[in-house]
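Notes follow once the structure below has been shown.
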Amino acid sequence: MDGIKVTLKADGTFVEGDRYSINAVRTGAEDLKRVIQDGDQLALASPVRVSPADSNQGTGVATVDITDTSSSAFAVDGELKPPVEIVFDNADPIRYTVYDMTEPTNPVPLDVGNGPLVNQAFTSGEVIILNGYDITIANQPSSGDRFSFEFNKDGISDNRNALKISNLQNTKVVGGSDYQDLYGSLVERVGTTTATAKITTDASKAVMDTTANTKASVSGVNLDEEAAKLVQFQQAYQATAQLIRVSQSIFDSLLQAV
């Protein structure tokens, strides 16, 4: 309803009188609170560590993007299941094999469901999709180059997660726009709507005042005008009373003369 999908689930049954109120997050900002007191508790490091071999001769650079932390690769806390190693051979064009390094002395080709990753054609920058994370190797590795991937225990000098969070401000994640653009658009829309409402209110008030003044000029009571009329009526009454007094005096004089 109105763009919102609501799903109700209950362990038991609903009973008459049960109510559920759904509101906008009106108190979202005031409900925020700090629960971490130590910066070391911030998960700024990526859970997978990349270690190029010291003997590497090529220019290859490997990076990791985590795609699903709930996958079996991260099922055991503090471990990557299995740790893997990518080894390049001397074929032309160069190729690579991904090894399961659960037993370092007996590595076996890794199989993520589509067959063992053996003698794979290498393309610089192409994504290698594994279980819960993606590997990208850029530039040009040489024959014999190796890259190891294991759980990033302690994550010393690693802020890859923090950088990804920071980059979200310029990533088009909502309706083809990034957070920064959406925020600016929201502020602009609120400001425009507020200014329009104020102008409309002022215009409506001006119309109302003009209408009220027009009505008052036609049918209303003007206090100054009414006060002037009262003074006129008072003077007319006093003049009439004086005329009656003079008439009474003349009438009395006539009666005495007779």
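Nothing in this text is a laboratory measurement; each read-out follows from the coordinates by a stated rule. Source: prediction; values computed, not measured. Quick reminder, even Gly has a Cβ in these numbers, built from the backbone with ideal geometry, and neighbours come from all protein chains shown.
Of the set (1) surrounded by fewer than 12 Cβ atoms within 10 Å (Cβ to Cβ); (2) in contact (Cβ under 8 Å) with a residue 60 or more places away in the chain; (3) farther than 20 Å from Arg160 by Cβ, all apply to Asn114 but (2). Within region 151-197, how many residues are in contact with a Pro (Cβ under 9 Å, 6 or more places away or on another chain), polar (S, T, N, Q) and in a loop (DSSP other than H, G, I, E, B)? Qualifying residue count, region 151-197: 1. Among residues of region 1-25 that are acidic (Asp, Glu), those with a beta-carbon under 9 Å from a residue that is part of a loop (DSSP other than H, G, I, E, B) at least six positions away or on a different chain give the pairs Asp18/Ala10.
How many of the residues in region 198-222 are surrounded by 10 or more Cβ atoms within 10 Å (Cβ to Cβ), among the β-branched types (Val, Ile, Thr) and not in a helix (DSSP H, G or I)? Result for region 198-222: 0. The set of residues in region 136-175 that are under 23 Å from Pro83 (Cβ atoms) and among the charged types (D, E, K, R) comprises Asp145, Arg146, Glu150, Lys153, Asp154, Asp158, Arg160, Lys164. Annotation note: of Pro107, Pro141, Pro93, the sole residue that is farther than 20 Å from Thr63 by Cα and surrounded by 12 or more Cβ atoms within 10 Å (Cβ to Cβ) is Pro107.
Whether a residue is closer than 30 Å to Ser142 by Cβ, out of contact with any strand residue (DSSP E or B) (no Cβ under 8 Å at 6 or more places or on another chain) and among the charged types (D, E, K, R) was assessed, and Asp18 does not pass this test.
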